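The structure appears below as C-alpha cells.
Throughout, read-outs are computed from the coordinates displayed, never taken from laboratory work. Being a predicted model, the structure only gives us computed values, none of them experimental. Using ideal geometry, Cβ is built from the backbone for each residue, glycine included, and neighbour counts are taken over all protein chains shown.
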Amino acid sequence: MSRVKGSPCREFGADDVSRGGELQVRAISMRADRGWATLGALRFPCALGRSGRRAIKREGDGATPVGAFAVRHGFYRPDRLLRPATRVPLTPLGPSDGWCDAVGDRNYNRRVKHPYPASAERMWREDHLYDVVIVLDHNERPRVQGGGSAVFIHVARRGYAPTAGCIAFERNHLLRLLKLLRRGTAVRIAPWARRLGPAPARQSGGF
C-alpha cells in the first residue's frame with residue numbers, strides 16, 4: 001500500500017475485518033466537519049476535525065486524517081463511569097496523564113505524565129470529552145515528527161462541534177460501538193461518502 005508522508009497508515013485485509021468488524025467513517029465532502037460512521041448494522045453521527053479530512057496530516061492543522069488505522073487501546077475516567085464493556089484494552093486515567101504534541105520531542109505522539117517539560121495535552125479534562133478515549137495507531141510506526149498527534153476517538157461536544165482532528169461520538173453511541181471493538185479493529189476514514197466494501201486481503205493500493 002502506498003504511504004502518504006506525514007500520515008502513515010496500514011492496509012487491512014479480510015483477517016482484520018473478521019477480528020472485530022470495520023468502523024467506516026465518511027462525510028459528504030472533504031471539508032465537512034461532521035459525518036457518520038458505520039460498524040455492522042450500527043450507524044451513528046460523528047464530529048470530525050474543524051478542517052475536515054486530509055490525506056496529508058500535519059500537527060495542528062485541525063484535520064482528521066484519511067486512511068486505515070487500527071484500534072490500539074484506550075482510557076476511561078474511573079471517577080465518572082464504570083469500566084466500559086469492551087475487548088479493547090482500557091486503562092483508568094489519572095490527573096497526571098498527558099499526551100505529547102511537541103514536534104521534535106522524543107515522546108512526540110506518546111502518553112506522558114504531567115508535569116512534562118514540553119507541550120503535552122492534558123488527558124484529565126474538566127469537560128467530558130475524554131471520559132472515554134480510544135487510541136488509534138495513526139503516526140505510530142513510523143512516528144513522523146509533525147505528522148500529527150493524539151488522533152483519538154472520544155466523546156463529542158454538545159451539538160457535535162468540530163474536533164482538533166479526532167473522531168467524536170455522543171457518549172452512549174461510543175459505548176455501544178465499544179462493545180463491538182477490539183484491539184486491531186480497522187477504522188477506515190474515507191475521502192468519499194459512499195459505503196466501502198470489506199478491504200480485500202493483500203491487495204495493493206490505498207484510498
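From the phi of every residue in segment 63-70, what ³J(HN,Hα) in whole Hz does the Karplus formula 6.51 cos²θ - 1.76 cosθ + 1.60 yield, where θ is phi - 60° and glycine or proline is x?
Result, rounded to whole Hz: 10, 8, x, 7, x, 10, 10, 9.
Rank-order 79-85, 128-134 by packing density, defined as the average count of other C-beta atoms within 10 Å over each peptide's residues, highest first.
128-134, 79-85
What ranking do Val112, Val103 get, fewest neighbouring Cβ atoms within 10 angstrom at the top?
Arranged by neighbour count, lowest to highest, Val112, Val103 become Val103, Val112.
What are the extents of the Cα atoms of segment 86-181 along their three principal axes, in Å, largest first?
Over segment 86-181, Cα extents along the principal axes are 37, 28, 26 Å.
Per 0.36 nm of contour for each residue apart, how much would the distance between Arg122 and Met30 grow if the chain were fully extended, relative to their Cα-Cα spacing? Numbers along the way, then the final one.
Working: separation 92, 0.36 × 92 = 33.12 nm, distance 2.88 nm.
Computed gain between Arg122 and Met30 is 30.2 nm.
If amide hydrogens are placed 1.01 Å from N in the peptide plane, which non-local residues have theirs closer than 5 Å to the one on His73?
HN-HN under 5 Å from His73: Val135.
What order do you get for Arg182, Arg53 when you list them from fewest to most C-beta neighbours inside 10 Å?
Fewest to most other Cβ atoms nearby, the residues stand as Arg182, Arg53.
Taking a ≥ b ≥ c as the square roots of the eigenvalues of the Cα gyration tensor of segment 14-189, is the shape rounded (a/c under 1.5), prolate (a/b larger than b/c) or oblate?
Since a/c stays below 1.5, the shape of segment 14-189 is classed as rounded.
For a quick check: with amide H placed at 1.01 Å from N, whose amide H comes under 5 Å from Arg110's, ignoring anything fewer than 5 positions away on the same chain?
When sequence neighbours closer than 5 places are left aside, the close amide H contacts are Cys100.
DSSP beta bridges in segment 14-189, what fraction antiparallel, as a percent rounded to 5? Display every interim value, and only then the final one.
On the way: 28 of 42 bridges.
Here the share of antiparallel DSSP bridges comes out near 65 percent.
Treating the beta-carbon of each Lys and Arg as +1 and of each Asp and Glu as -1, no other charges, what is the dipole magnitude of segment 14-189 about its Cα centre, to the nearest 20 debye?
Using only the charged Cβ atoms, the result is roughly 300 debye.
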